[in-house]
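Written out below as structure tokens is the structure these notes cover.
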Amino acid sequence: MTSPNFYANARAYDIAFSDRDFVDECNFLEWCLIRHSTLGDRRSFLELASGPARHAREFARRGWRAVALDLSPDMLDYACAGAKRDGVFLELIAADMTDFTLPEPVALAANLMESLSHLVTNEQVVSHLRAVARNLLPGGVFVIEMAHPSTIWRDSLPNTWVSRTTDTPYFAGEPYAEVEVLFGAADDPYDWITQQWLVTARLTVREQGRPERVIEHHHPHRWYQAQELKALIDLSGAFSQVWWYGDMLVPPPPLDNSEASQRMVVVLRK
């Protein structure tokens with residue numbers, strides 16, 4: 001059975017991208033707030049393009065005010081159910097990350113897992129940066145995680161892996177499932193003028209007692225080089241300082257061409 005609605009299949013998506021250490025990543029985000037904000041002990045967090053909201057849920061477990069923003073109602077419903085199982089409260093916002101307003105601003109915001117790549121024009125990125133800044137406390141911090149610029153070209157495709165509910169503790173006690181992932185096929189078209197990939201995302205889902213499902217999605221993405229992103233940050237006029245890191249570690253390596261630099265992580269202070 002094939003389903004075209006990629007983001008309506010929230011559990012399959014969650015399994016597919018569950019190999020990350022969300023606790024360690026939240027430790028890094030908290031380090032960014034302590035190191036780079038001017039706010040002191042202000043404990044509030046916004047996860048943008050949150051999907052299952054694993055980071056927001058972790059901060060809620062730490063006693064923070066935690067907000068999850070996503071365009072997909074199905075993802076937000078799934079995140080809400082997960083928060084209830086965790087025994088924590090999430091504020092859920094269904095909105096476009098280029099234009100939104102929170103009930104109250106936050107100290108820390110993050111756009112992780114290359115979700116910025118969904119914004120495929122300069123104008124969208126600038127609108128996003130300004131929207132985030134409007135919803136940050138003065139002196140607050142915004143963290144963007146993207147792929148390292150050296151890894152975004154076609155010679156790394158196809159990008160495939162398999163995730164199982166038994167591979168991480170996040171699905172303890174849940175029925176077994178396996179998700180085979182393709183994110184980016186070798187023949188996905190790339191427009192050299194707009195710098196947009198039409199990316200194939202395919203989840204092949206195998207669950208006990210259910211027929212195999214194939215969820216396929218084709219959507220434009222754009223991965224940004226460091227100098228492009230720097231120019232867009234400058235153009236937004238929304239942030240006073242910026243730091244560049246090569247991974248979400250404490251302490252993080254600098255963004256450079258060394259083996260230690262595995263991602264492009266940008267930390268912005270309002």
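List of remarks:
- Candidates are the residues of region 115-159 that are at pLDDT below 95 and among the aliphatic types (A, V, I, L, M); the one that is nearest to Trp223 (Cα to Cα) is Ile152.
- Single residue of Ala186, Ala133, Ala177 found to be more than 30 Å from Pro211 (Cα to Cα) and in contact with a helix residue (DSSP H, G or I) (Cβ under 9 Å, 6 or more places away or on another chain): Ala133
- Selection count where residues are of a type outside the set (Phe, Trp, Tyr), in contact (Cβ under 8 Å) with a residue 60 or more places away in the chain and within 20 Å of Asn9 (Cβ to Cβ), scope region 148-177: 6
- Matching entry among Val88, Val67 (being closer than 20 Å to Val143 by Cα and β-branched (Val, Ile, Thr)): Val67
- Positions within region 189-234 being of a type in the set (Gly, Ala, Ser) and either farther than 25 Å from Val265 by Cα or within 19 Å of the chain's Cα centre (by Cα) (or both), in sequence order: Ala201, Gly209, Ala226
- Members of region 115-124 found to be assigned to a helix (DSSP H, G or I) and surrounded by fewer than 22 Cβ atoms within 10 Å (Cβ to Cβ), listed by number: Ser115, Ser117, His118, Asn122, Glu123, Gln124
- Some residue of region 222-229 being under 28 Å from Thr38 (Cα atoms), free of Cβ contacts under 8 Å to residues at least 24 places away in the same chain and loosely packed, with under 13 Cβ neighbours inside 10 Å: yes
- Single condition Glu145 does not satisfy, out of (1) more than 23 Å from Leu255 (Cα to Cα); (2) touching a residue at least 60 places away in the same chain (Cβ under 8 Å): (1)
- Set Asp24, Asp41: member being touching a residue at least 60 places away in the same chain (Cβ under 8 Å) and farther than 22 Å from Leu129 by Cβ: Asp24
- When residues in region 84-104 are screened for being buried (at least 19 other Cβ atoms within 10 Å of the Cβ) and more than 29 Å from Ala201 (Cα to Cα), 0 of them pass.
- One residue alone among Asp41, Asp24 is acidic (Asp, Glu), surrounded by fewer than 20 Cβ atoms within 10 Å (Cβ to Cβ) and more than 19 Å from the chain's Cα centre (by Cα), and that residue is Asp41.
- Check on Ser150, within 20 Å of the chain's Cα centre (by Cα) and of a type in the set (Ser, Thr, Tyr): yes
- Note on region 166-213: among residues that are touching an Asp or Glu at 6+ places or on another chain (Cβ under 6 Å) and of a type in the set (Ser, Thr, Tyr), the one that is nearest to Asn122 (Cα to Cα) is Thr200.
The values are calculated or read from the model by the stated rules, or taken from the named source; none is laboratory data. This one's a predicted model, so the numbers in the text were calculated from it and none came from an experiment. Please note: Cβ atoms are built from the backbone with ideal geometry, for glycine as well, and neighbour counts cover all protein chains shown.
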